[in-house]
Structures are given as C-alpha cells and as structure tokens.
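The values are calculated or read from the model by the stated rules, or taken from the named source; none is laboratory data. What you are looking at is a predicted structure, and each value in this text was computed from that prediction instead of being measured. For neighbour counting, all protein chains shown are included, and Cβ atoms are generated from backbone atoms with ideal geometry for every residue, glycine included. Just so you know, the surface numbers come from the protein's heavy atoms only, side chains and all, with ligands and any DNA or RNA stripped out. Shrake-Rupley method; radii C 1.70, N 1.55, O 1.52, S 1.80 Å.
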Amino acid sequence: MSADVEHWNPDMELLGREDLEALQLERLRKTLQRCTSSPFYQAWFRSADFDPRKVGSLADMSNLPCMDKDTLRDGDPTRFLTVPLDDIVRMHSSSGTTGQATVTFHTAADIEAWAELVARCMYMTGVRRTDVFQNMMGYGLFTGGLGFHYAAERIGAMVIPAGSGNSRRQIQLMRDFHTTVVHIIPSYALYLLEVFGELGLDPRTGTDLRIAFIGAEPHTEALRQRIEETYGVDAYNSYGLTEMCGPGVAFECPAKQGMHVWEDSFLVEVLDPVTLELVEEGEEGELVFTTLNREGMPLLRYRTHDLASVHPGECSCGRVHRRISRIKGRSDDMFIIKGVNVFPMQVERVLLEALGVGSNYRIVLDTVGSMDEMRVLVEVAGELWRGEVRELNRLRRKITEELRQEVLVTPLVELVEPGSLPAGEGKAVRVVDKREHARGD
Amino acid sequence: MANQVNVFAQNQPGRLERLTEVLLEEGINIRAITISGADEYGVIKLLVDDPRKAFEALQREGFSAFMKEVIALVMDDQPGGLHRICRVLGESGVNVEDAYGFVFQDRKTAILVVEVENVSAAGEILGSKGLEFLSDDELYSL
Ligand SMILES: [Zn+2]
C-alpha cells in the first residue's frame with residue numbers, strides 16, 4: 001500500500017467509474033465461484049434456478065433472491081462458509097446473547113481487508129500516524145470497537161482502547177495522553193459534555209481533540225454540528241453493519257456530503273423494500289449489499305432493512321465511489337439504541353419468560369437530557385400478581401435485569417394498567433421512537 | 001375472615017375517580033381505602049360491603065384487581081388498644097405484611113386491618129389469644 005497525501009489507498013479510491021465497475025464484476029464472479037463450495041449457496045442457487053457461472057454483468061444479480069437476517073438465523077451459520085471452519089480466525093455477532101444473534105465469520109484475510117477499509121476511512125478524514133486515537137466503543141462481539149482499533153494501529157496512530165463508559169476516566173485519558181481522535185456514540189458525546197462541565201472543563205480548550213467519529217447510532221445533522229461546535233472537532237458519520245464486516249462499509253470524506261460506499265468491496269443496490277425493484281437514482285430505498293472481497297462468509301444481495309438514498313453526481317473530493325445519505329429509518333421494526341441492535345421480538349421473549357404469560361407491551365425510545373433511553377411499558381394483568389406493591393417492584397426488577405442481559409441496554413421498565421396500551425396491532429406499534437435524532441435530517 | 005380488594009393503578013390523574021365511579025355504579029359501599037405505592041404505580045386497597053361484586057366489576061372494567069383475605073381486628077376503644085393488638089401479634093410471631101386502621105362513623109368502633117401471609121393460621125393464633133375479628137358481613141353490618 002502506498003498512501004499519498006490524501007489517500008490511504010489511491011489505487012482503489014481514485015478508480016474511474018468504468019474501471020471500478022470492471023473490478024466489481026471481476027470480484028463478483030470470484031465471489032460467486034467461492035459460494036459454490038458453501039452448502040447454503042449450493043441450495044440457494046439451486047432453488048432460485050440461478051447459475052452463478054452465467055453472470056456476465058452486475059445487473060444479472062437481480063436474478064438472485066435477496067437474503068436478510070432471517071436467512072442468516074435460519075440454521076447453522078457455518079453453512080455459509082466457503083472455507084473450512086479451521087480457516088476462520090474470528091467471529092462477530094450483531095446483538096443479543098441468545099438465538100436471535102446473527103453470526104459473521106472471518107478468515108485472516110477478511111480481518112486484514114476489513115482493517116484496510118476502516119484505515120482508508122480514517123485516513124480520508126485526516127487521521128495520521130502522529131494521532132492519538134481514543135476508542136470509546138464497546139469491544140467484544142460488537143464490531144465498532146475492534147474495527148476501528150485495528151485500523152488505527154494500521155495507520156500507525158496510538159490507540160487507547162478505552163471502551164465504553166466511565167466518563168471521568170475517559171476525560172482523564174484524553175487529557176493525560178493528548179487524544180486527538182475519538183470514536184464515540186453521538187448521544188454519549190452529548191452526555192460527556194455535561195461531565196466536562198461538572199469538571200469545570202471545556203473540551204475545546206481542555207483537550208487536543210480534532211476529529212470525532214460518531215457512528216453506531218442514527219443522528220441528525222444538527223447533532224453533528226453541535227458536537228463539532230462544542231468539542232471543536234470535525235465529526236464524521238459512518239455506516240457499517242456486522243454482516244458486511246462492521247464499520248468501514250461507507251464513510252464520510254471531508255466534504256461531508258454523504259458517505260462513500262467502498263464499491264471495490266461492496267456492490268450496493270437501493271431497492272424498493274416492498275417490490276425489491278431498483279428505485280430511481282437519488283430516491284430513498286433499502287440498502288442491499290453484496291460482498292466483493294470476502295473469503296470466509298460472502299453475502300449476496302443482503303437486505304439491511306436500512307433506508308437511505310444515493311446522492312446523485314460526483315463528490316468534490318474526486319472519489320467516484322457512490323455516496324449514501326444518512327439512514328432515514330428501517331424497513332422493519334428493529335431499532336438501534338446506544339449502538340446495539342434490538343428486536344422487539346427479544347423483548348417479547350423476555351417478558352414471556354419473566355411473566356409466564358404473554359402480556360401487552362410497548363417499547364418507547366426517547367431522548368432524556370442528552371441520552372437515549374429505552375422504556376418498556378408492560379401491562380400488569382390480574383394473573384401476574386397477588387395484590388402487593390412489593391411483588392410488583394420485584395417483578396419490575398426482574399424484567400429490567402433480564403432485558404438488560406438480553407439486549408445489553410438497561411431499560412426503564414414501567415408497569416401499566418391492563419388496557420392502557422393499544423392492543424396487538426402488529427409489530428410496528430410495539431416500538432415508538434420519539435428520539436430527537438431518530439429520523440435522518 | 002374479611003376480604004379486601006387490591007387494585008393495581010398507575011399514578012395518573014383520574015384513575016381513582018374512575019375506580020370509585022365503577023363502585024358507585026355497582027352500588028358498592030366503601031368502608032375503607034388506602035393507597036400504597038411506588039413512584040409511578042401503586043396498589044389501592046379497598047374494604048367494601050360486597051368484595052366479590054366489587055372485584056368482579058373492577059375486573060370487568062379492565063382493572064387489574066385481586067381479592068385478598070385479611071384479618072379485621074376490633075380494637076379496644078380506649079388508650080392502649082392498638083398497643084395491645086400489636087403486642088399479641090408480636091408475641092404470636094405473626095408477620096404483618098401490611099396494616100391500616102380506621103374508625104367507623106359512630107366513632108365508637110376502631111378496626112385494624114392486617115394482611116398476613118397465612119391468614120387462617122394467623123387467625124387461629126390471634127383468636128386463641130382473645131382477639132376479636134370480623135367477617136365481611138359483620139364489617140358491613142357495623
Ligand atoms: Zn467525497
């Protein structure tokens with residue numbers, strides 16, 4: 001790799017459109033070839049009457065049905081592998097601690113390629129080997145932590161693997177080690193501002209911060225600007241998902257006019273979530289990705305359920321990799337809070353287990369102060385208790401704890417009277433998102 | 001033994017009003033009412049002349065209600081009356097979960113309502129110690 005002043009990987013970043021699409025086709029065909037050794041894809045191709053050897057253009061992929069999280073969850077995740085399991089060196093998982101989680105497997109080359117992509121992203125925004133990078137994301141199964149960690153080391157910056165939480169220590173680390181770049185959940189950035197205030201500090205003068213990566217949670221343009229002003233940084237939005245690799249799928253360049261999807265590594269389609277037909281250029285639809293540079297577990301036409309649009313025209317930075325807008329919402333009912341994907345189904349299962357009977361419930365997402373909060377309202381039916389406040393308190397504690405273990409976010413559980421919540425009108429009404437930054441810009 | 005109706009209620013304006021409205025519509029007379037609560041919700045405890053009817057009406061109206069046996073002890077109408085009962089309860093090793101007292105309109109009779117885990121066992125012990133307690137009918141006829 002030979003970085004120039006502005007590009008980590010000028011060969012890939014500065015490809016012309018034609019060359020880029022030729023590379024995409026070449027890599028797509030290689031990927032399809034790999035897939036023929038996976039038990040899942042063998043059956044998938046057969047049932048769709050799809051001959052991977054006959055793909056002669058990118059558009060031919062529309063003959064293959066889309067897959068999504070349910071496809072991944074439906075059975076043994078190793079059946080997607082195109083390599084022996086021994087060649088797998090890492091797994092990641094999207095969320096949840098039980099059956100609902102989706103698993104992604106990586107070979108050593110996959111991990112390399114992922115770190116390379118995120119390095120490209122970080123370098124694009126100005127991160128250099130002289131920087132000190134404080135990674136304030138959860139490490140572990142969640143990809144946000146390790147994804148950036150490896151990339152920053154690859155660039156040669158010093159990494160402080162701070163992880164999430166412990167606000168005062170975060171600030172102490174920033175000051176002691178002269179942190180210049182942070183990776184932080186946007187709502188946490190706002191919260192941390194209050195802690196700076198309590199300590200009598202102003203991040204603009206009390207730290208050396210200059211760049212903030214604010215991903216893992218939907219946020220508005222207004223929130224980005226507020227973070228930029230109050231911290232005195234350039235804040236960059238990013239997009240990624242565990243199934244593709246994690247962060248590094250799409251990233252903002254210094255123009256901050258949409259996020260460049262690295263099309264040498266991902267084939268992106270924007271589809272109407274109902275008809276699954278391509279939408280008109282620039283129109284909103286569901287992002288569907290095909291991995292082009294993945295060994296262990298390639299994914300073909302993977303529905304993200306994330307709604308966004310592609311910005312028309314070329315970016316002033318000179319990269320032809322197409323840019324996507326902020327995520328405008330979800331085409332299903334999954335939601336993201338504090339960087340964690342949560343499915344209403346997970347909540348439902350916990351309630352069923354905790355209460356022994358099905359109960360009407362509702363999930364309300366709200367912004368309280370500067371933090372996202374998840375409230376779970378549960379109707380208390382007559383059979384759930386024997387008439388004492390004490391029991392109700394115990395019930396509430398139990399539900400809170402079990403939900404925390406399941407979704408990894410501590411919810412505020414409220415017990416409400418029977419009939420006070422709208423009765424089962426389908427999944428959509430189970431979640432009410434009142435967050436200020438819940439929907440795009 | 002007497003029966004009490006426990007009702008789960010959120011702390012929201014109008015809930016108590018709705019509850020008493022239901023009882024009024026059923027022609028139910030409330031002897032005593034207490035509210036014990038956490039912050040956002042609580043339990044309303046009702047001593048009424050027809051607990052079964054009240055319980056059914058409240059359930060029908062969508063309240064989360066529970067019928068609970070309690071011990072309604074008659075207190076001596078003189079200083080030390082409550083103390084005497086409490087002493088007996090303590091000596092008998094009866095674990096009181098909740099209790100509240102009220103005085104009838106004639107201001108001559110005071111009642112201490114006691115919730116315990118095992119009502120019939122506790123009733124036997126307290127009866128053997130000479131404490132007097134009332135049934136639903138007796139409560140109502142007072
Ligand atoms: Zn650009």
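Among the chymotrypsin sites (Phe, Trp or Tyr not before Pro) in the range A:1-94, which ones are in a DSSP loop with at most 15 other Cβ atoms within 10 Å of the Cβ? Mind listing them? Don't jump to the answer; show the numbers that get you there.
Values: sites: A:Trp8, A:Phe40, A:Tyr41, A:Trp44, A:Phe45, A:Phe50, A:Phe80; in loops: A:Trp8, A:Phe50.
Loop-located and lightly packed - none at all.
Which value does Rg/Rh take for chain B over its C-alpha atoms, Rh per Kirkwood?
Values: Rg = 15.5 Å, Rh = 15.8 Å.
That ratio equals 0.98.
Which value, in Å² rounded to 10, gives the accessible area of A:His183 with a 1.4 Å probe and all protein chains present?
Using a 1.4 Å probe on the heavy atoms, I get roughly 10 Å².
Any number yet on Rg/Rh for the range B:70-140, C-alpha, Kirkwood? Display every interim value, and only then the final one.
Values: Rg = 11.5 Å, Rh = 12.3 Å.
Here Rg/Rh amounts to 0.93.
For the range A:239-258, list residues with backbone N below 18 Å from a point placed 7 Å from the Cα of A:Glu6 toward its Cβ?
A:251-258
Tell me, what ³J(HN,Hα) does each residue in the range B:122-129 have, in order and in whole Hz, if you take phi through Karplus 6.51 cos²θ - 1.76 cosθ + 1.60 with θ = phi - 60° and put x for Gly and Pro?
5, x, 5, 4, 5, x, 5, 8
Are there GluC sites (Glu not before Pro) in the range A:233-306 that DSSP puts in a loop and that have at most 15 other Cβ atoms within 10 Å, and which ones? Provide the component values of the computation, followed by the final result.
Numbers: sites: A:Glu243, A:Glu252, A:Glu263, A:Glu269, A:Glu277, A:Glu280, A:Glu281, A:Glu283, A:Glu284, A:Glu286, A:Glu295; in loops: A:Glu243, A:Glu263, A:Glu277, A:Glu280, A:Glu281, A:Glu283, A:Glu284, A:Glu295.
Of the GluC sites (Glu not before Pro), the ones in loops of the range A:233-306 whose Cβ has at most 15 other Cβ atoms within 10 Å are A:Glu277, A:Glu280, A:Glu281, A:Glu283.
With a 1.4 Å probe and every protein chain left in place, work out the accessible area per residue of chain A in Å², rounded to a whole number. The partial results should precede the final answer.
Details: 18030 Å² over 441 residues.
On a per-residue basis, chain A sits at 41 Å².
Quick one: which residues, 5 or more positions from A:Ala212 or on another chain, have an amide H under 5 Å from its amide H? H modelled 1.01 Å from N in the peptide plane, none for Pro or chain starts.
Close amide H contacts, sequence-distant or interchain: A:Val182, A:Asp234, A:Ala235, A:Tyr236.
Taking a probe of 1.4 Å and counting only protein heavy atoms, give the total accessible area buried between chains A and B in Å², rounded to the nearest 100. All intermediate terms of the calculation are to be shown ahead of the outcome.
Values: alone 18870 and 8030 Å², together 25270 Å².
For chain A against chain B, roughly 1600 Å² becomes buried.
If you wrap the range A:65-223's Cα atoms in a convex hull and average its projection over all directions, what's the area in nm²? Spell out each step's value before the answer.
Working: hull surface 46.1 nm².
Averaging across all directions leaves 11.5 nm² for the Cα convex hull.
Averaged over A:252-264, how many beta carbons belonging to a partner chain fall within 10 Å of each residue's beta carbon? Walk me through the numbers before you get to the answer.
Details: counts 0, 0, 0, 0, 0, 0, 0, 0, 0, 0, 0, 0, 0.
Mean shielding count: 0.
Report ³J(HN,Hα) in whole Hz for each residue of the range A:250-256, in order, from the Karplus equation J = 6.51 cos²θ - 1.76 cosθ + 1.60 where θ = phi - 60°; Gly and Pro get x.
9, 8, 7, 9, x, 5, 6
Could you run the Karplus curve 6.51 cos²θ - 1.76 cosθ + 1.60 with θ = phi - 60° over the range A:399-408 and give me ³J(HN,Hα) per residue in whole Hz, x for Gly and Pro?
In residue order, the calculated couplings are 4, 4, 5, 6, 5, 4, 5, 7, 9, 6 Hz.
Mind checking the mean number of beta-carbon atoms from other chains within 10 Å of the Cβ atoms in B:64-76? Could the numbers behind the result be given before it?
Numbers: counts 14, 3, 8, 3, 3, 0, 0, 0, 0, 0, 0, 0, 0.
Across the residues of B:64-76, the mean count of other-chain Cβ atoms within 10 Å is 2.
Taking chain A as a Gaussian network, Cα atoms linked when under 10 Å apart, which of A:Asp74, A:Asp332, A:Asp234 shows the biggest mean-square fluctuation?
It is A:Asp74.
Using a Cα-Cα cut-off of under 16 Å, which aspartates and glutamates could be cross-linked to B:Lys68, ignoring same-chain neighbours fewer than 8 residues away?
Once the sequence-local aspartates and glutamates are set aside, what remains near B:Lys68 is A:Glu383, A:Glu388, A:Glu391, B:Asp49, B:Asp50, B:Glu56, B:Glu97, B:Asp98, B:Glu115, B:Glu117, B:Asp136, B:Asp137.
Could you calculate, for the range B:2-68, the ratio of the Cα radius of gyration to the Kirkwood radius, expressed as Rg to Rh? Before the final figure, lay out the partial values.
Details: Rg = 10.8 Å, Rh = 11.6 Å.
Rounded to two decimals, Rg over Rh is 0.92.
Within the range B:62-142, what whole-number % of the accessible surface is contributed by carbon and sulfur, with the 1.4 Å probe and all protein chains included in the calculation?
47
Amide H of A:Val159 versus every other amide H placed in the peptide plane: which residues, excluding those fewer than 5 positions away on the same chain, fall under 5 Å?
Close amide H contacts, sequence-distant or interchain: A:Phe133.
Considering only lysines 8 or more places apart in sequence, or on different chains, count the pairs in chain A whose C-alpha atoms sit under 28 Å apart.
Count of close lysine pairs: 18.
Just to be sure I understand: of the beta bridges DSSP finds with both ends in the protein assembly as shown, what percent are antiparallel, rounded to 5? Write out the running numbers ahead of the final one.
On the way: 73 of 94 bridges.
The antiparallel fraction comes to roughly 80 percent.
Can you tell me the length gained on complete extension of the stretch A:Asp87 to A:Asp51, counting 0.36 nm per residue apart and subtracting the Cα distance? Kindly include the intermediate steps, with their values, before the conclusion.
On the way: separation 36, 0.36 × 36 = 12.96 nm, distance 2.68 nm.
Stretched out fully, the A:Asp87 to A:Asp51 stretch lengthens by 10.3 nm.
Would you pull out the residues with amide H under 5 Å of B:Gln4's amide H, same chain only if 5 or more places away, H placed 1.01 Å from N?
The list, which skips near neighbours in sequence, is B:Lys68, B:Glu69, B:Val70.
Take the alpha carbon atoms of the range B:1-62, find their center, do the same for the range A:131-209, and report the distance between the two centers in whole angstrom.
53
Between A:Glu228 and A:Thr36, what is the spin-label point distance in nm, taking each point 7 Å from the Cα along the Cα→C-beta axis?
The answer from the label model is 5.0 nm.
Kirkwood hydrodynamic radius (Cα pairs, Å) of chain A? All intermediate terms of the calculation are to be shown ahead of the outcome.
Numbers: mean 1/r = 0.0434 Å⁻¹.
So the Kirkwood estimate lands at 23.0 Å.
So for chain A, averaging the separation of alpha carbon pairs under 8 Å that are six or more residues apart and normalising by length, what relative contact order in percent results? Show your work: numbers first, answer last.
Numbers: 877 pairs, mean separation 64.5, N = 441.
Computed over chain A, the figure is 15 percent.
Select from the range A:1-82 those trypsin sites (Lys or Arg not before Pro) which occupy a DSSP coil region and have at most 13 other Cβ atoms within 10 Å, ordered by residue number. The partial results should precede the final answer.
Values: sites: A:Arg17, A:Arg27, A:Arg29, A:Lys30, A:Arg34, A:Arg46, A:Arg53, A:Lys54, A:Lys69, A:Arg73, A:Arg79; in loops: none.
Listed in order of number, the matching sites amount to none.
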